[in-house]
Amino acid sequence: MPVGSPSTKDSSASVQGEMVDWSLARQIARFAAGSQPSPELEFDFDAAVVDAEQHLGEYTSLALTAPIPEPERVDRAQWAEINLGAMSDLLGPVTERLATRLNGAGPLAGPLRATLGATIAAEAGLVMGYMSQRVLGQYELSLLQPEQAPRLLFVTPNLGRAVADLKIDRDSFLGWVVLHELTHVFQFSGVGWLRGHLGGLLEKYLATVDVRVERGAAGGLPSIPNLQRLVELFREGGLIALVQTREQRRILDGVQATMAVIEGYSEHVMDVVGERVLPHYAGLREAMERRRRSRSAPERILQRLLGLDMKMRQYELGKRFCDAVVEQRGIESLNRVWSGPEALPSMRELNDPRAWIERVDAPLAA
């Protein structure tokens with residue numbers, strides 16, 4: 001889920017402009033996204049959102065505190081550009097520290113800044129271009145910029161291709177995707193502390209990322225340890241690459257557990273509500289899992305390098321946890337995860353739903 005930093009676009013704009021060429025990143029992302037033409041997708045997203053709002057409210061009992069964003073149809077290049085903007089905000093504090101450190105490189109500072117900035121831009125563009133070929137929908141929310149309006153995006157070329165490849169009912173499948181993304185709207189609009197909690201964890205983590213410029217061996221060029229991992233900060237799974245301390249591990253465990261609950265809850269809800277209201281729901285979950293598994297060997301390797309396999313495990317772990325709690329205690333018990341940050345399951349509890357149930361039940365039994 002994209003995040004941003006309020007200071008990036010203002011006080012550090014000139015520094016970041018020198019460090020990272022985001023126009024280059026957009027060009028690379030457009031190239032990586034591809035320009036394969038896709039047929040017009042005939043579907044009324046506005047009507048689907050209105051219909052889904054009623055059903056989701058009834059099942060989750062979460063109450064919206066703000067209007068639902070208007071659904072937007074975007075192509076792959078547009079999705080990549082939107083998310084590159086979020087990535088530039090997120091990486092702002094880190095690249096600002098990197099630029100400051102490079103000032104100590106003497107006459108090499110200028111060439112190093114240009115080279116490293118182009119490297120980060122190229123990697124960011126490739127990552128977003130690749131991801132744009134797979135994503136179906138997104139509730140785009142800036143966790144670190146609460147004043148920035150959220151957006152509800154649907155990548156129509158990918159949706160159309162998925163319908164054709166999976167040979168499933170178009171309206172039911174698209175309605176199902178709407179249920180998933182709209183559940184995220186209910187989560188972040190209906191749970192007042194969630195956005196600030198997750199954003200706070202990310203701010204703490206970013207503050208711990210130390211970017212060092214080390215002198216090269218035998219008079220060689222200075223090096224930046226873990227430089228190519230910077231871009232991975234944008235993805236929940238990729239954060240693992242920069243974990244170096246016990247404090248970073250503690251913060252990251254909190255981020256991953258929270259994201260697993262958010263994604264797992266949405267996966268659970270889309271299945272329960274979808275089965276109740278979609279005319280051709282049968283087979284949709286199997287088709288989605290088939291799509292997620294259908295990767296060539298090079299694609300699977302790339303996903304592992306990008307950290308995307310970690311995100312898939314978040315979906316699976318979080319959904320198993322939510323399904324198990326509802327099966328044992330019902331949706332009312334599961335909704336206690338939204339009572340406050342202290343009620344969120346730990347990574348251990350995600351693998352042991354019974355332990356979480358016993359913990360949150362303990363105050364009631366006292």
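Report, ordered by the first and then the second residue, all pairs with beta carbons closer than 6 Å, sequence separation of six or more or different chains, a first member in the stretch 67-84 that is closer than 12 Å to residue 131 by Cβ and among the hydrophobic types (A, V, I, L, M, F, W, C), and a second member that is buried (at least 19 other Cβ atoms within 10 Å of the Cβ) and modelled with pLDDT of 95 or more.
Note: pairs meeting the criteria are 79/155.
Working carefully through the options 209, 178, find the one that is surrounded by fewer than 22 Cβ atoms within 10 Å (Cβ to Cβ) and of a type in the set (Val, Ile, Thr).
That would be 209, the only listed residue that is surrounded by fewer than 22 Cβ atoms within 10 Å (Cβ to Cβ) and of a type in the set (Val, Ile, Thr).
Is it true that residue 146 is open to solvent by 40 Å² or more (accessible area, probe 1.4 Å), of a type outside the set (Gly, Ala, Ser) and not in a helix (DSSP H, G or I)?
Spelling it out, residue 146 is indeed open to solvent by 40 Å² or more (accessible area, probe 1.4 Å), of a type outside the set (Gly, Ala, Ser) and not in a helix (DSSP H, G or I).
Would the stretch 161-168 turn up any residue that is open to solvent by less than 10 Å² (accessible area, probe 1.4 Å), in a helix (DSSP H, G or I) and either in contact (Cβ under 8 Å) with a residue 12 or more places away in the chain or under 30 Å from residue 330 (Cα atoms) (or both)?
Looking for residues that are open to solvent by less than 10 Å² (accessible area, probe 1.4 Å), in a helix (DSSP H, G or I) and either in contact (Cβ under 8 Å) with a residue 12 or more places away in the chain or under 30 Å from residue 330 (Cα atoms) (or both), one finds at least one in the stretch 161-168, hence yes.
Given the residues 255, 211, which is the only one that is modelled with pLDDT under 95, in a loop (DSSP other than H, G, I, E, B) and touching a Leu at 6+ places or on another chain (Cβ under 6 Å)?
211
Here's the yes/no breakdown for (1) over 25 Å from the mean Cα position of the chain (by Cα); (2) farther than 25 Å from residue 201 by Cβ:
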| residue | (1), (2) |
| --- | --- |
| 327 | yes, yes |
| 338 | no, no |
| 344 | no, no |
| 352 | no, no |
| 355 | yes, no |
| 360 | yes, no |
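So which residues in the stretch 325-350 are under 20 Å from residue 62 (Cα atoms), of a type in the set (A, V, I, L, M, F, W, C) and in a helix (DSSP H, G or I), if there are any at all?
Listed by number, the residues that qualify are 325, 326, 331, 334, 337, 338, 343.
Inspect all residues belonging to the stretch 300-316 and state whether any of them is open to solvent by 70 Å² or more (accessible area, probe 1.4 Å), over 25 Å from residue 117 (Cβ atoms) and modelled with pLDDT of 50 or more.
yes
What number of residues within the stretch 130-143 are crowded, with 19+ Cβ neighbours inside 10 Å and assigned to a loop (DSSP other than H, G, I, E, B)?
So the answer is 4.
Each row is one residue, and each column tells you yes or no for (1) charged (D, E, K, R); (2) on the phi > 0 side of the Ramachandran plot; (3) without any contact (Cβ under 8 Å) to a residue 12 or more places away in the chain.
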residue: 96; (1), (2), (3): yes, no, no
residue: 115; (1), (2), (3): no, no, yes
residue: 123; (1), (2), (3): yes, no, no
residue: 127; (1), (2), (3): no, no, no
residue: 130; (1), (2), (3): no, no, no
residue: 152; (1), (2), (3): no, no, no
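Limited to the stretch 44-62, what total is found for residues that are among the β-branched types (Val, Ile, Thr), over 14 Å from residue 268 (Cβ atoms) and in contact (Cβ under 8 Å) with a residue 60 or more places away in the chain?
1
Scan (1) in contact with a Pro (Cβ under 6 Å, 6 or more places away or on another chain); (2) at pLDDT below 80 for the single condition residue 197 breaks and write down its number.
Among (1) in contact with a Pro (Cβ under 6 Å, 6 or more places away or on another chain); (2) at pLDDT below 80, residue 197 violates only (2).
The values are calculated or read from the model by the stated rules, or taken from the named source; none is laboratory data. Every value quoted in this text rests on a predicted model; they were computed, and no experiment measured them. Virtual Cβ from ideal backbone geometry, glycine too; neighbours counted across all protein chains shown. Side chains included, ligands, DNA and RNA excluded: accessible areas come from the protein's heavy atoms. Shrake-Rupley method; radii C 1.70, N 1.55, O 1.52, S 1.80 Å.
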